[in-house]
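This report concerns only the one structure given below.
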Amino acid sequence: MDPRGLAEFWRQVLGWRYRSGDADSGPRPEWLVLRHPDGGPGLAFQRVEQLTRATWPDGTVPQQIHLDLTVEDVAELDAEHDRLLALRAELLLDRSDDPEEPLRVYADPQGHPFCVFVA
């Protein structure tokens with residue numbers, strides 16, 4: 001797994017920043033950490049030699065991580081959809097027309113599923 005590529009995807013999705021020194025740590029770092037601009041917990045990305053893509057929803061290869069992201073309404077869900085596809089997310093499930101809980105499931109560039117739903 002390429003931690004730089006995956007961290008960069010999530011940096012753009014979340015609007016977070018690299019931990020001090022990580023932005024300039026070279027193209028093949030072993031670890032990268034993203035931090036929320038206001039502080040708090042971060043996301044860490046570690047290099048591994050081999051990572052088998054999760055096979056959600058069948059579960060043959062289980063998820064290694066799953067994030068749920070929320071938006072305010074369906075219009076924002078649709079705008080986020082376009083933005084995520086432009087960032088190279090892959091749409092796995094579209095339930096945006098569900099009146100109870102509109103959502104979409106995507107995979108990041110390394111195949112980790114994540115959800116965006118209206119809450």
When both residues are 6+ apart or on different chains and their Cβ atoms are under 9 Å apart, which pairs have a first residue that lies in segment 41-55 and is at negative phi, and a second that is acidic (Asp, Glu)? Phe45/Asp2; Gln46/Glu30; Arg47/Asp2; Arg47/Glu30
All but one of (1) touching a residue at least 12 places away in the same chain (Cβ under 8 Å); (2) under 16 Å from Gln110 (Cβ atoms) hold for Thr70; which doesn't? (2)
So which residues in segment 16-50 are among the small types (Gly, Ala, Ser) and either at pLDDT below 90 or loosely packed, with under 10 Cβ neighbours inside 10 Å (or both), if there are any at all? Ser20, Gly21, Ala23, Ser25, Gly26, Gly39, Gly40
Go through segment 1-15 and report how many residues are surrounded by 14 or more Cβ atoms within 10 Å (Cβ to Cβ) and closer than 22 Å to His81 by Cα. 10
Taking segment 45-76, which residues are hydrophobic (A, V, I, L, M, F, W, C) and within 15 Å of the chain's Cα centre (by Cα)? Phe45, Ala54, Trp56, Ile65, Leu67, Leu69, Val71
Tell me whether segment 20-31 contains one or more residues that are of a type in the set (A, V, I, L, M, F, W, C) and either within 14 Å of the chain's Cα centre (by Cα) or within 23 Å of Cys115 (Cβ to Cβ) (or both). no
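Residue by residue, here is whether (1) out of contact with any Pro (no Cβ under 7 Å at 6 or more places or on another chain); (2) closer than 14 Å to Leu14 by Cβ; (3) in the same structural domain as Trp16 (by TED's automatic domain parsing); (4) of a type in the set (S, T, N, Q) holds:
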residue: Asp38; (1), (2), (3), (4): yes, yes, yes, no
residue: Asp58; (1), (2), (3), (4): yes, no, no, no
residue: Ala75; (1), (2), (3), (4): yes, no, no, no
residue: Asp78; (1), (2), (3), (4): yes, no, no, no
residue: Arg83; (1), (2), (3), (4): yes, yes, no, no
residue: Ser96; (1), (2), (3), (4): no, no, no, yes
residue: Glu100; (1), (2), (3), (4): yes, no, no, no
Residues being hydrophobic (A, V, I, L, M, F, W, C) and either touching a Ser or Thr at 6+ places or on another chain (Cβ under 6 Å) or surrounded by 13 or more Cβ atoms within 10 Å (Cβ to Cβ) (or both): count how many of those fall in segment 75-97. 6
Positions within segment 77-116 being hydrophobic (A, V, I, L, M, F, W, C), closer than 24 Å to Met1 by Cα and assigned to a helix (DSSP H, G or I), in sequence order: Leu84, Leu85, Ala86
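The values are calculated or read from the model by the stated rules, or taken from the named source; none is laboratory data. None of the values given here were measured: they were computed from a predicted structure. Neighbour counts are summed over all protein chains in view; Cβ atoms, including those assigned to glycine, are modelled from backbone coordinates with ideal geometry.
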